[in-house]
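**Q** Quick one: structure below, then a few questions.
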Amino acid sequence: FNDVFSPVVKHSSIRVLLALVAMYDLELEQLDVKTAFLHGELEEQIYIEQPHRFEVDGKEDHVCLLKKSLYGLKQSPRQWYKRFDSFMLGHGYTRSMYDSCVYFWKLNDGSFVYLLFYVDDMIIATK
């Protein structure tokens with residue numbers, strides 16, 4: 001693996017969103033995605049020792065093939081970002097050309113949603 005960089009929202013994007021919230025009296029929410037890094041899909045094969053107390057009798061020297069990202073893997077934040085980005089784009093959001101962690105969705109009734117993404121935390125503003 002070579003790609004371990006995971007983008008985060010720019011500070012200037014956060015400041016702009018907070019200014020928009022104040023100017024237009026938008027609703028603002030913050031949330032944290034629990035166990036976010038466990039949802040990333042691995043792009044390479046990674047083997048780990050059998051977890052303590054879960055060893056298979058007679059096969060203690062065998063290893064396990066990891067099928068999902070884990071906390072502590074260098075590529076976990078990147079894989080989580082890729083999965084989240086794919087989900088957002090697949091559900092109609094538009095990614096900002098200026099900041100890859102800013103998403104926008106305008107609904108047919110004229111309302112809209114701004115979502116800023118920082119690792120496993122989000123700020124959402126809507127009208």
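The values are calculated or read from the model by the stated rules, or taken from the named source; none is laboratory data. Every value quoted in this text rests on a predicted model; they were computed, and no experiment measured them. Note that each Cβ is placed from the backbone with ideal geometry, even for glycine, and that neighbours are counted across all protein chains shown.
**Q** Within the stretch 54-85, track down each residue that is more than 30 Å from Arg15 (Cβ to Cβ), in contact (Cβ under 8 Å) with a residue 24 or more places away in the chain and small (Gly, Ala, Ser).
**A** Passing the criteria: only Ser69.
**Q** To continue, here is another question. In the stretch 86-125, which residue that is in a strand (DSSP E or B) and of a type in the set (D, E, K, R) is nearest to Val9 (Cα to Cα)?
**A** At the first step, the residues of the stretch 86-125 found to be in a strand (DSSP E or B) are 94-95, 102-106, 112-118, 121-125.
Narrowing further to those that are of a type in the set (D, E, K, R): 95, 106, 121.
Details: Arg95: 12, Lys106: 20, Asp121: 10 Å.
So, considering only residues that are in a strand (DSSP E or B) and of a type in the set (D, E, K, R), the one nearest to Val9 (Cα to Cα) is Asp121.
**Q** Here is a follow-up. List the strands (runs of 3 or more DSSP E) that sit entirely inside the stretch 1-85 and contain at least 2 residues that are within 25 Å of Lys127 (Cβ to Cβ).
**A** 27-32
**Q** Being over 16 Å from Tyr118 (Cβ atoms) and out of contact with any strand residue (DSSP E or B) (no Cβ under 8 Å at 6 or more places or on another chain): is that true of Phe37 here? Step through it out loud before you land on a result.
**A** Working: over 16 Å from Tyr118 (Cβ atoms): no; out of contact with any strand residue (DSSP E or B) (no Cβ under 8 Å at 6 or more places or on another chain): yes.
When the stated conditions are applied, Phe37 does not pass them.
Okay, residues lined up against (1) β-branched (Val, Ile, Thr); (2) at pLDDT below 90; (3) loosely packed, with under 15 Cβ neighbours inside 10 Å:
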| position | (1), (2), (3) |
| --- | --- |
| Phe1 | no, yes, yes |
| Leu18 | no, no, no |
| Glu27 | no, no, yes |
| His39 | no, yes, no |
| Pro51 | no, yes, yes |
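**Q** Let me ask another. Could you list all residues from the stretch 1-33 that are touching a residue at least 60 places away in the same chain (Cβ under 8 Å) and among the basic types (Lys, Arg)?
**A** Lys10
**Q** Considering each of Ser13, Ser100, Ser96, Ser6 in turn, give the residue that is touching a helix residue (DSSP H, G or I) at 6+ places or on another chain (Cβ under 6 Å), among the polar types (S, T, N, Q) and surrounded by 14 or more Cβ atoms within 10 Å (Cβ to Cβ).
**A** Values: Ser13 fails: touching a helix residue (DSSP H, G or I) at 6+ places or on another chain (Cβ under 6 Å); Ser100 fails: touching a helix residue (DSSP H, G or I) at 6+ places or on another chain (Cβ under 6 Å); Ser96 fails: touching a helix residue (DSSP H, G or I) at 6+ places or on another chain (Cβ under 6 Å).
The conditions single out Ser6.
**Q** How do the pairs read when you match residues in the stretch 104-127 that are without any contact (Cβ under 8 Å) to a residue 60 or more places away in the chain and closer than 12 Å to Asp32 by Cβ with residues anywhere that are of a type in the set (D, E, K, R) and surrounded by fewer than 14 Cβ atoms within 10 Å (Cβ to Cβ), using Cβ under 9 Å and keeping only pairs 6 or more apart or on different chains?
**A** Pairs found: none.
**Q** Something else: Quick test of your reading of the structure: Leu73 fulfils all but one of (1) surrounded by fewer than 14 Cβ atoms within 10 Å (Cβ to Cβ); (2) over 24 Å from Ser111 (Cβ atoms). Name the failing condition by number.
**A** Against the list (1) surrounded by fewer than 14 Cβ atoms within 10 Å (Cβ to Cβ); (2) over 24 Å from Ser111 (Cβ atoms), Leu73 comes up short only on (1).
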